[in-house]
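The structure appears below as structure tokens.
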Amino acid sequence: MGLDVSVRQPTLVVGAGLLLVSVAAWAALLAMGDEMPMGAGLWIGAWTVMMAAMMLPSTSPLVLLYARQSTAMSSALLTAGYVAVWAGVGLAAYGVDMRLPDPSNGVVGAVLIGAGLYQLTPLKTACLKRCRNPADFLVTHWRRGKVGALRLGVEHGAYCVGCCWALMGVLIVAGSMSLAWVVAIALVVTGEKLLPAGQLLGRLGGVGLLVAGIVVAL
């Protein structure tokens, strides 16, 4: 399979690239503020930048571990495949955002309750486990070559969507894509994936969303 986590090839270029892209994405979000641009193309472009800002920090352990066994180009392709999955999710997100310009308290409450329930499901736990264990993911999904790197990114992105899609629904419907909600959900996602007690954090967040949803709906 070729993966040996004891090998420590230089990852400075890859790490610096991830940091640069993440900082640039956050800078773009700060400049954009709470307003998403009009038009499907611009909206999805802004969404993709948002996903890069929110998700790349928590995905960096996997990318850096992969970089030990591969090249900077292959690592970039893995990252591109991952971000492309979230860009695809933006198509659905755009449709939801356009159809719910001013959701009622009942709709917001239902989304919060649904997201809270999902946080407690076995599917959420399984997807989060994949996201929290980059070495296990690479051992079981390793692909050689540049096409393989792209596929790895897509596969990891799919698990990440499985882990976080409900929180993104909260961002769109309850948070109205505001910058404060972007920051809050980015912190939750990063904590879930990187902190030792991340799984517990996710469950506590689910309970919090359930309570908030009931309060809003009532």
Over the range 172-215, the set of residues over 15 Å from Lys124 (Cβ atoms) and of a type in the set (Gly, Ala, Ser) is Ala174, Gly175, Ser176, Ser178, Ala180, Ala184, Ala186, Ala197, Ala212, Gly213
Here the residues within the range 119-128 that are surrounded by fewer than 20 Cβ atoms within 10 Å (Cβ to Cβ) and in contact (Cβ under 8 Å) with a residue 40 or more places away in the chain are Leu120, Thr125
| said: Condition (residue is over 22 Å from Pro134 (Cβ atoms), in contact (Cβ under 8 Å) with a residue 24 or more places away in the chain and in a loop (DSSP other than H, G, I, E, B)) applied to the range 25-33: is it met by at least one residue? | reply: yes
Item to complete: Output yes when any residue across the range 62-85 is without any contact (Cβ under 8 Å) to a residue 40 or more places away in the chain, within 25 Å of Val183 (Cβ to Cβ) and assigned to a loop (DSSP other than H, G, I, E, B), and no when none is.
Response: no
For Val108, the lone unmet condition from (1) of a type in the set (Val, Ile, Thr); (2) open to solvent by 40 Å² or more (accessible area, probe 1.4 Å); (3) more than 18 Å from Ile44 (Cα to Cα) is (2)
Within the range 86-105, of all residues that are open to solvent by 70 Å² or more (accessible area, probe 1.4 Å) and assigned to a helix (DSSP H, G or I), the one modelled with the highest pLDDT is Leu91
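Inside the range 22-69, can you point out the residues that are of a type in the set (Val, Ile, Thr) and open to solvent by less than 40 Å² (accessible area, probe 1.4 Å)? Before the answer, list the steps.
Step one: of the range 22-69, the residues of a type in the set (Val, Ile, Thr) are 23, 44, 48-49, 59, 63.
Matches in the range 22-69: Ile44, Thr48, Thr59, Val63.
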In the set Ala92, Ala87, Ala76, Ala126, the lone residue that is in contact with a helix residue (DSSP H, G or I) (Cβ under 6 Å, 6 or more places away or on another chain) and among the small types (Gly, Ala, Ser) is Ala87
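The values are calculated or read from the model by the stated rules, or taken from the named source; none is laboratory data. As the structure is a prediction and not an experimental result, all values here were calculated from the model. Reconstructed Cβ throughout: ideal geometry from the backbone, glycine too, with neighbour counts over all protein chains shown. Just so you know, the surface numbers come from the protein's heavy atoms only, side chains and all, with ligands and any DNA or RNA stripped out. Shrake-Rupley method; radii C 1.70, N 1.55, O 1.52, S 1.80 Å.
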